[in-house]
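Worksheet for the structure shown next.
What follows is calculated from the coordinates using simple rules that are stated; it is not laboratory data. All of these numbers come straight from a predicted model, not from anything done at the bench. Quick reminder, even Gly has a Cβ in these numbers, built from the backbone with ideal geometry, and neighbours come from all protein chains shown.
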């Protein structure tokens, strides 16, 4: 029997982009997910902080993992992100929770923090709708 983290890691293994970035799943339980990513120079934009696409990717993934804990196999239907401050530090931490869920969709919220020796600072807040993977029609 796989633990939720082990199942999450197995799913993450099928996502080359997340592995390329070095994403780690550090919490996966009913209605919650936490992902972390060590920041390195090739993930920065020209001013030296994490690229917005990297921050957005981490939020999207955390939202999806959190939604998946209550729905099963899922996809992101939509997501909105607000960048609060530049993501400067050693590591990004995305913490997502399920706010509301039904049979086929969940609304999830995620805060992304930049962590350094000085602690954590909120750098982005996101919300998204996560849906159960639609069944593909059988070929006719």
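Structure summary
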read-out: Mean-position separation - Cα centroids, the range 39-81 and the range 13-35, in angstrom; value: 10 Å
read-out: Helix-only CD estimate at 222 nm, as mean residue ellipticity for the chain, using -39500 (n - 2.57) per DSSP H run (n ≥ 4); value: -8000 deg cm²/dmol
read-out: On Cα atoms only, tilt of 52-71 relative to the major axis of the chain in degrees; value: 30 degrees
read-out: 0 to 90° range, to nearest 10: angle between helix 4-13 axis and the chain longest Cα axis; value: 80 degrees
read-out: Ranked packing of 91-98, 121-128, 75-82, 21-28, most packed first, by mean Cβ within 10 Å; value: 91-98, 121-128, 21-28, 75-82
read-out: Over the range 53-104, relative contact order from alpha-carbon pairs under 8 Å, at least 6 apart, %; value: 52 percent
read-out: Burial ordering of 83, 65, fewest other beta-carbon atoms within 10 Å first; value: 83, 65
read-out: Fraction of the pair-distance distribution of the range 4-132 above 19 Å, Cα-Cα pairs, percent; value: 44 percent
read-out: Ranked packing of 55-64, 32-41, most packed first, by mean Cβ within 10 Å; value: 55-64, 32-41
read-out: Residue among 17, 49, 113 with the largest mean-square fluctuation in a Gaussian network model of the chain, springs linking Cα atoms under 10 Å; value: 17
read-out: Length-normalised contact order for the chain - Cα pairs under 8 Å, 6+ apart - percent; value: 23 percent
